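Peer 1: Here you go, one structure.
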Amino acid sequence: MTTDNGNDITADETTAPVEGTETPVEIAQETETTETEKLQAEITELKDKYLRLYADFENFRRRTAKEKLELISTANEELMKAVLPVVDDFERAMSSFETTTDIVPLKEGVGLIYTKFSKTLENRGLKPMVSKGETFDADLHESITQFPAPSDDLKGKVIDEVEKGYFLNEKVIRYAKVVVGS
């Protein structure tokens with residue numbers, strides 16, 4: 001091959017790069033390598049974030065499970081502490097049963113203990129259900145039997161309460177066992 005000025009050029013001279021410049025193929029390979037390295041670094045960073053997040057979640061799960069077990073095991077602690085003075089009063093009453101012959105003060109003492117016990121339970125959210133004379137409600141009452149109503153206005157209503165029902169913070173924890181008029 002001959003140039004315009006008459007010099008002969010060999011094939012090696014036409015494809016040989018000029019010193020200090022890179023060919024497009026080399027530039028593409030270099031760009032590809034840096035992009036691959038960037039992607040590898042990003043993948044490594046994301047894996048690290050994922051593992052840390054997973055470890056944090058596992059720690060949170062274990063901690064909450066432990067707290068739940070502790071809460072369950074100590075849930076009744078406050079109630080038991082509140083009931084202990086009533087138990088002490090019953091023990092004192094029991095010991096006075098052996099030494100006292102007069103029954104009136106004993107009845108009064110047991111009545112006071114019952115009142116104290118009821119107030120303690122009420123302060124903890126326990127409320128007795130009023131059923132007698134109310135309309136039968138299957139959500140609150142458990143019918144033991146039906147009895148002929150003494151009057152027409154007592155049909156479908158609770159005539160007698162065999163066992164009291166109770167609410168704990170507005171939730172029924174024991175249904176009242178009742179006799180319903182028919």
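The values are calculated or read from the model by the stated rules, or taken from the named source; none is laboratory data. Values in this document were obtained by computation on a predicted structure and should not be read as measured data. FYI the Cβ positions are ideal-geometry reconstructions off the backbone, even for glycines, and counts take in every protein chain you see.
Peer 1: Looking only at the range 111-161, which residues are of a type in the set (D, E, K, R) and over 30 Å from ASP89 (Cα atoms)?
Peer 2: Answer for the range 111-161, where residues must be of a type in the set (D, E, K, R) and over 30 Å from ASP89 (Cα atoms): LYS132, GLU134, ASP137, ASP139, GLU142, ASP152, ASP153, LYS155, LYS157, ASP160.
Peer 1: Moving on to the next point. So, of the residues in the range 97-144 that are of a type in the set (Asp, Glu) and farther than 25 Å from ARG174 by Cα, which turns out to be surrounded by the most Cβ atoms within 10 Å (Cβ to Cβ)? Outline the logic, then answer.
Peer 2: Restricting attention to the range 97-144, the residues satisfying the condition of being of a type in the set (Asp, Glu) are 98, 102, 108, 122, 134, 137, 139, 142.
Next, from what is left, pick out any that are farther than 25 Å from ARG174 by Cα: 98, 102, 108.
Values: GLU98: 6, ASP102: 7, GLU108: 10.
The selected residue is GLU108.
Peer 1: Specify the residue that is farthest from SER118 (Cα to Cα); the eligible residues are those in the range 58-97 that are basic (Lys, Arg) and in the same structural domain as THR120 (by TED's automatic domain parsing).
Peer 2: Initial filter on the range 58-97 (basic (Lys, Arg)): 61-63, 66, 68, 81, 92.
Of the ones still in play, those that are also in the same structural domain as THR120 (by TED's automatic domain parsing) are 81, 92.
Numbers: LYS81: 15, ARG92: 18 Å.
Applying the filter and picking the extreme gives ARG92.
Peer 1: Follow-up question, since we're still on this one. Going through THR120, THR145 one at a time, which residue ends up being among the β-branched types (Val, Ile, Thr) and within 24 Å of ASN76 (Cα to Cα)?
Peer 2: Going through THR120, THR145 in turn, the sole match is THR120.
Peer 1: Could I ask something else about it? Mind telling me which of the residues VAL180, VAL172, VAL158 ends up being modelled with pLDDT of 90 or more, assigned to a strand (DSSP E or B), in contact with a strand residue (DSSP E or B) (Cβ under 9 Å, 6 or more places away or on another chain) and not assigned by TED's automatic domain parsing to the domain that holds ALA82?
Peer 2: Of VAL180, VAL172, VAL158, the one residue that is modelled with pLDDT of 90 or more, assigned to a strand (DSSP E or B), in contact with a strand residue (DSSP E or B) (Cβ under 9 Å, 6 or more places away or on another chain) and not assigned by TED's automatic domain parsing to the domain that holds ALA82 is VAL172.
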